[in-house]
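Here it is, the structure in full.
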Amino acid sequence: MSPTGRLLLLLIAPALTWLLPVIHPQLGAAAWLVDGVLLVIVLADLVTLPRRGRLRLERHGPAILSVGTSNAFRLTVWNGHRRTVRVRLTESFPATMELRGLPARGRLRPRGSTTFRYEVVPRRRGAFPLGRTYLTAESLLGLWRRHLRVALGATVKVFPDVKALNTYAL
């Protein structure tokens, strides 16, 4: 869990309110009031941060890929919360593969799922373990983020593009 830039900007307000008592000493109570209200807002938003076990991921894609061709993959994310959750996700595939369509952003409906589609273009043949999936979910007001690293554990095999080889056949 980490604060967002929005929270850091919001924290400037209480810092500025403490300049008021310097100008007028009776405004010290107002500074305390602003601090208290902002503290309640920040803590209430922290409670809305999605829990780890309430978000699930599943990757779908071919186990055999062709060098230099676009291969369709999709990530399905399930939301077990009663509210909409804003997410950002990406994959850590081997450096010899180009990802198109990631990172992706979207909204997950309450107790629903969303599918994110992307393409993988391998540049080298061989067997490659796929890396982790990284999902970032935001709290309701967007003051907090939760970062999830999920190892979906798959290996793909990359072969030469047989269709392209057929064009050179005699």
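What tally of residues in the stretch 36-71 results from selecting those that are in a strand (DSSP E or B) and touching a residue at least 24 places away in the same chain (Cβ under 8 Å)?
9
Still on this structure, please answer the following. Test R145 against the criterion of being at pLDDT 90 or above, touching an Asp or Glu at 6+ places or on another chain (Cβ under 8 Å), not in a loop (DSSP other than H, G, I, E, B) and not aliphatic (A, V, I, L, M), and give yes or no.
Working: at pLDDT 90 or above: yes; touching an Asp or Glu at 6+ places or on another chain (Cβ under 8 Å): yes; not in a loop (DSSP other than H, G, I, E, B): yes; not aliphatic (A, V, I, L, M): yes.
So R145 fits the description; yes.
Could you tell me which residue of the stretch 1-55 is nearest to the chain's Cα centre (by Cα), considering only residues that are surrounded by 11 or more Cβ atoms within 10 Å (Cβ to Cβ) and of a type in the set (G, A, S)?
A44
Still on this model: Within the bounds of the stretch 112-130, is there any residue that is touching a residue at least 60 places away in the same chain (Cβ under 8 Å) and not hydrophobic (A, V, I, L, M, F, W, C)?
no
Quick one: is R83 among the basic types (K, R) and not in a loop (DSSP other than H, G, I, E, B)?
Against the criterion (among the basic types (K, R) and not in a loop (DSSP other than H, G, I, E, B)), R83 does not qualify.
Among the residues of the stretch 114-126, what is the count of those that are in a strand (DSSP E or B), modelled with pLDDT under 95 and either in contact with a His (Cβ under 7 Å, 6 or more places away or on another chain) or open to solvent by 40 Å² or more (accessible area, probe 1.4 Å) (or both)?
Residues meeting the conditions: 0.
Restricting to the stretch 82-102, give me the number of residues that are open to solvent by 70 Å² or more (accessible area, probe 1.4 Å) and over 16 Å from S70 (Cβ atoms).
Matching residues across the stretch 82-102 total 3.
Now a separate question. Taking only the stretch 103-112 into account, find how many residues are assigned to a strand (DSSP E or B) and open to solvent by less than 40 Å² (accessible area, probe 1.4 Å).
3
Kindly list, by first and then second residue, each pair from a residue in the stretch 138-163 that is in contact (Cβ under 8 Å) with a residue 60 or more places away in the chain and open to solvent by 80 Å² or more (accessible area, probe 1.4 Å) to a residue that is assigned to a helix (DSSP H, G or I) and aliphatic (A, V, I, L, M), limited to pairs with Cβ atoms under 8 Å and residues at least 6 apart or on different chains.
L141/I41
Are any residues in the stretch 56-72 small (G, A, S) and surrounded by 12 or more Cβ atoms within 10 Å (Cβ to Cβ), and if so, which ones?
Across the stretch 56-72, the qualifying residues are G61, S66, G68, S70, A72.
Given the structure, is A95 closer than 30 Å to S2 by Cα, outside any helix (DSSP H, G or I) and touching a Pro at 6+ places or on another chain (Cβ under 7 Å)?
So A95 fails the test.
The values are calculated or read from the model by the stated rules, or taken from the named source; none is laboratory data. None of the values given here were measured: they were computed from a predicted structure. Heads up, the Cβs are rebuilt from the backbone with ideal geometry, glycines too, and the neighbour counts pull from every protein chain shown. The protein model used for the area step is the full one, side chains on, heavy atoms only, and it has no ligands, DNA or RNA in it. Shrake-Rupley method; radii C 1.70, N 1.55, O 1.52, S 1.80 Å.
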